[in-house]
Amino acid sequence: MRRALPLLVALVISIAGSCFAVAQPQVWGADEAAHLFRAYQVSTGGWAPQRLEERGPIPRYGGQVPASFVRLADSGTARQWSKPQRGPVLGNPDARRPLLDAPVGTETTEAKFVNTAAYAPTSYAPAVVGLWTSRLAGLDVGGTILVARLLGVLTAAVAGALAVWLLRGTGWEYLAAVVACLPSVIFQAATVSADTMTNAVTLVLAASFVRLTLTDSPPSRAATWALALSVLLVGVAKPTYAPMALLLLVVPASRLAWGRSATGRGPSRAVGAGVVGTSLAVSVGWLSLAAGTTAGMGVVWDPRDPTAVRPDDQRAFVLGHLPEMVRIAYRTLADSTPKYLRELFVQTGYQVEGSGGAMILVLMALALAWFLAPRPVVSRGRLATVALVVAASGALIFGALYLSFTPVGLWAVAGVQGRYFYPLLLPALLCLRALLPARLVGDGATGADDGRVAARWVVGLVVGACALAVLKYVLLTWATVS
């Protein structure tokens, strides 16, 4: 089972992701139209955010994109298309077929996408490769979007298989498999989105960190270089996850294997510190380059009143009303925690409730895999550092959206979605596992047999959760786009 687990994870993600990619209406995914526009901009060499001509007090960001993409996004096909009464109905599905069958063409038009203009080019690597491939093959609009989606699914499948492979034989591989195969994450990978690359990078980062820090496995060059590369990429993936780069400094120097022979603790630590410093410097540099986009986010909150979101006034409000900020944080968590959990595990799109059955199976699989994992033997100092990194990234998620997406003085933080916490899931579970010594299996033949049975249950529950999520999405929630 352990040897086949990476391949099985890749297979589950590929099948479920392909079903999601084909079933969901084009440009319906979370901000998918804006992500598609930004991916096209990157694919044609527009790496930095582009500020458009001013038409009022709010800065506008975007660029030139194919007019065929804009017509599809503006036609109403990006809105919900629901079989049940819940949600608006698109109308005649055949009306969208000419838009999908149309060639991408060379005609371009100006499009606004301030909410995605700030993302670094590396975040769109799968989609950009898909756009290049589609351009060479001369595919139409629908085919172009589908290829970009499938490249995202492939990225998630490779990252999931790599994370499980890095943890093979440690007892942590089953927990990594469950985290990699969450229905919500597979669905997100099946849309054109910057989150696909972010989720892949942070999953590999967390898995390689666990391998090097919390297990008694021999030092691994593959895990060392996987950790270093993911640390470099996380710096520009999303600034809110930049603190995760510090996890490389938590790894004991003796566990870092940079070459075939031992590097030595001093040089090894210096190389690690250099990688972390580079990652943080790149993150700060990109933040400076994209800082202007924050002032334009009010358009996303309410196009009729874009001045409701004022980051400078919001910062002044935070500094002048600290007791009120505590109440806002409490109200946000008290009101939205159940929503965050649903969105983290089984959500498949805006305003679409994920499968309740899939949620139950995911939680059961997480519980079994969590108790299958050995208790990490790690110092309190290192454990506290991991916990601080998780807390800092979580606070940055709320802080960034409060400053850039929430109207001044609103009673809660707006725009936070459960999927934003996915990169922090495996490190958070690690911290909890270190606090509880209980384990599902013991020593000896009986314990090993029990562990194999539990491992089979974990795999079965993961497959069942993904199957339920796909079936509900395709058969009950959305009409299949043919």
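The values are calculated or read from the model by the stated rules, or taken from the named source; none is laboratory data. From a predicted model like this one, the values you see are computed outputs, not experimental measurements. When we count neighbours, we look across all protein chains shown, and the Cβ atoms used for this are built from the backbone with ideal geometry, even at glycine. Ligands, DNA and RNA are excluded from the accessible area calculation, which covers all protein heavy atoms including side chains. Shrake-Rupley method; radii C 1.70, N 1.55, O 1.52, S 1.80 Å.
Can you tell me which residues in segment 321-370 are on the phi < 0 side of the Ramachandran plot, of a type in the set (Gly, Ala, Ser) and modelled with pLDDT under 85? Full working, then the answer.
Residues of segment 321-370 on the phi < 0 side of the Ramachandran plot: 321-348, 350, 352-370.
Restricting the remaining residues to those that are of a type in the set (Gly, Ala, Ser) gives 329, 334, 336, 354-358, 365, 367, 369.
GLY354, SER355 - these are the residues of segment 321-370 that are on the phi < 0 side of the Ramachandran plot, of a type in the set (Gly, Ala, Ser) and modelled with pLDDT under 85.
State yes or no: is PHE20 in contact with a strand residue (DSSP E or B) (Cβ under 6 Å, 6 or more places away or on another chain), crowded, with 24+ Cβ neighbours inside 10 Å, among the aromatic types (Phe, Trp, Tyr) and in contact (Cβ under 8 Å) with a residue 24 or more places away in the chain? If you could, list the steps in order and put the result at the bottom.
Numbers: in contact with a strand residue (DSSP E or B) (Cβ under 6 Å, 6 or more places away or on another chain): no; crowded, with 24+ Cβ neighbours inside 10 Å: yes; among the aromatic types (Phe, Trp, Tyr): yes; in contact (Cβ under 8 Å) with a residue 24 or more places away in the chain: yes.
No, not satisfied.
Of the conditions (1) farther than 24 Å from VAL463 by Cα; (2) open to solvent by 30 Å² or more (accessible area, probe 1.4 Å); (3) small (Gly, Ala, Ser), ALA308 clears all except one; give me its number.
Of (1) farther than 24 Å from VAL463 by Cα; (2) open to solvent by 30 Å² or more (accessible area, probe 1.4 Å); (3) small (Gly, Ala, Ser), only one is false for ALA308: (2).
Only one of GLY381, GLY415, GLY409 is assigned to a helix (DSSP H, G or I) and either open to solvent by less than 50 Å² (accessible area, probe 1.4 Å) or modelled with pLDDT under 90 (or both); which? Reasoning before the result, please.
On the way: GLY415 fails: assigned to a helix (DSSP H, G or I); GLY409 fails: assigned to a helix (DSSP H, G or I).
Exactly one of GLY381, GLY415, GLY409 is assigned to a helix (DSSP H, G or I) and either open to solvent by less than 50 Å² (accessible area, probe 1.4 Å) or modelled with pLDDT under 90 (or both), namely GLY381.
Among LEU146, LEU248, LEU227, LEU150, which is touching a helix residue (DSSP H, G or I) at 6+ places or on another chain (Cβ under 6 Å), on the phi < 0 side of the Ramachandran plot, part of a helix (DSSP H, G or I) and in contact (Cβ under 8 Å) with a residue 40 or more places away in the chain? Spell out how you get there, then give the answer.
Numbers: LEU146 fails: touching a helix residue (DSSP H, G or I) at 6+ places or on another chain (Cβ under 6 Å); LEU248 fails: in contact (Cβ under 8 Å) with a residue 40 or more places away in the chain; LEU227 fails: in contact (Cβ under 8 Å) with a residue 40 or more places away in the chain.
Criteria check complete, one pass: LEU150.
Condition check ((1) surrounded by fewer than 21 Cβ atoms within 10 Å (Cβ to Cβ); (2) modelled with pLDDT of 95 or more; (3) over 27 Å from the mean Cα position of the chain (by Cα)) across all residues:
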residue	(1), (2), (3)
SER14	yes, yes, no
GLN24	no, no, no
GLU32	no, no, no
GLN41	no, yes, no
GLU54	yes, no, yes
ALA67	yes, yes, yes
LEU90	yes, no, yes
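In segment 93-140, what count of residues is obtained for those that are open to solvent by less than 20 Å² (accessible area, probe 1.4 Å) and not in a helix (DSSP H, G or I)?
Just the residues of segment 93-140 that are open to solvent by less than 20 Å² (accessible area, probe 1.4 Å), to begin with: 96, 100, 111, 113-114, 116-117, 120, 123-124, 126-128, 130-131, 134.
Next, only the ones that are not in a helix (DSSP H, G or I) stay: 111, 113, 120.
Residues that pass the stated criteria total 3.
Being open to solvent by 60 Å² or more (accessible area, probe 1.4 Å) and of a type in the set (Val, Ile, Thr) is the filter here, so list the residues in segment 311-329 that pass it.
Answer for segment 311-329, where residues must be open to solvent by 60 Å² or more (accessible area, probe 1.4 Å) and of a type in the set (Val, Ile, Thr): just VAL326.
Scan ALA367, ALA295 and give me the residue that is in a helix (DSSP H, G or I) and without any contact (Cβ under 8 Å) to a residue 60 or more places away in the chain. Before you say what the answer is, go through the steps one by one.
Numbers: ALA295 fails: without any contact (Cβ under 8 Å) to a residue 60 or more places away in the chain.
On inspection, the qualifying residue turns out to be ALA367.
For segment 330-349, which positions are of a type in the set (Phe, Trp, Tyr), open to solvent by less than 90 Å² (accessible area, probe 1.4 Å) and either free of Cβ contacts under 8 Å to residues at least 24 places away in the same chain or more than 23 Å from GLY399 (Cβ to Cβ) (or both)? Let's see the steps before the verdict.
Going through segment 330-349, the residues of a type in the set (Phe, Trp, Tyr) turn out to be 330, 340, 345.
Within this subset, residues satisfying the condition of being open to solvent by less than 90 Å² (accessible area, probe 1.4 Å) are 340, 345.
Passing the criteria: only PHE345.
With respect to the numbered conditions (1) open to solvent by 20 Å² or more (accessible area, probe 1.4 Å); (2) touching a residue at least 40 places away in the same chain (Cβ under 8 Å); (3) not charged (D, E, K, R), which one is the sole condition not fulfilled by PHE187?
(1)
Write out, first by first residue and then by second, each pair whose Cβ atoms fall under 7 Å of each other, whose residues are 6+ apart or on separate chains, and whose first residue, in segment 36-48, is under 10 Å from VAL128 (Cα atoms) while the second is of a type in the set (Gly, Ala, Ser).
ARG38/ALA117; ALA39/ALA127; ALA39/ALA148; GLN41/GLY63
Determine which single condition THR215 fails, assuming it passes every other condition in (1) farther than 30 Å from PRO103 by Cβ; (2) open to solvent by 10 Å² or more (accessible area, probe 1.4 Å); (3) in contact with a helix residue (DSSP H, G or I) (Cβ under 8 Å, 6 or more places away or on another chain).
Every listed condition holds for THR215 apart from (3).
Quick one: count up the residues across segment 388-404 that are over 18 Å from THR198 (Cβ atoms), surrounded by 18 or more Cβ atoms within 10 Å (Cβ to Cβ) and hydrophobic (A, V, I, L, M, F, W, C).
1
Which residues, taken from segment 348-358, are out of contact with any Lys or Arg (no Cβ under 7 Å at 6 or more places or on another chain) and closer than 15 Å to CYS181 by Cβ?
Listed by number, the residues that qualify are THR348, ALA358.
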